[in-house]
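Colleague: This is the structure I want to talk about, given as structure tokens.
A short reminder: the numbers here are calculations on the coordinates, not readings from a lab. Predicted model, so just to flag it, every value in this text is computed and none were measured. Glycine also receives a Cβ, built like all others from the backbone with ideal geometry; neighbour counts cover every protein chain displayed.
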Amino acid sequence: MHPAFFDRLDELLPPERSADATPSTADFVLHELTSIVETIANDYEAVATAIPG
């Protein structure tokens, strides 16, 4: 992952889950990002798009 991805994630999500259940950066990294990386690893050809150049 590009470092700018995590910088932007920190801008968008709070460091801790809020009282209204807004997910935190850690929630995203531990739950969503893990699933995304696993999907890419298991089926790269189906989920990746080649970008010319």
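Colleague: Determine the sum of side-chain charges near ASP10: Lys and Arg each +1, Asp and Glu each -1, restricted to other residues whose C-beta is under 14 angstrom from that of ASP10.
Modeller: Taking every Cβ under 14 Å from that of ASP10, the sum is -3.
Colleague: Starting from the alpha-carbon convex hull of the chain, give the projected area averaged over all orientations, in nm². Each step should come with its number before you reach the end.
Modeller: Details: hull surface 19.4 nm².
Directional mean of the projected Cα hull area for the chain stands at 4.8 nm².
Colleague: Do the sum for the chain: with -39,500 (n - 2.57) for every DSSP H run of n ≥ 4, divided by all residues, what is the mean residue ellipticity at 222 nm, to the nearest 500 deg cm²/dmol? All intermediate terms of the calculation are to be shown ahead of the outcome.
Modeller: Details: 3 runs with 23 residues, N = 53.
Calculated from helices alone, the mean residue ellipticity at 222 nm is -11500 deg cm²/dmol.
Colleague: Normalised by the residues of the chain, what does the relative contact order come to in percent, with Cα pairs under 8 Å and at least six apart?
Modeller: Working: 24 pairs, mean separation 9.5, N = 53.
18 percent.
Colleague: What dipole magnitude, in Debye to the nearest 20, does the chain give about its Cα centre under +1 on Lys/Arg Cβ and -1 on Asp/Glu Cβ? Don't skip to the end; give the middle numbers.
Modeller: Values: 2 positive and 10 negative charges, 15 e Å.
In debye, rounded to 20, the chain gives about 80.
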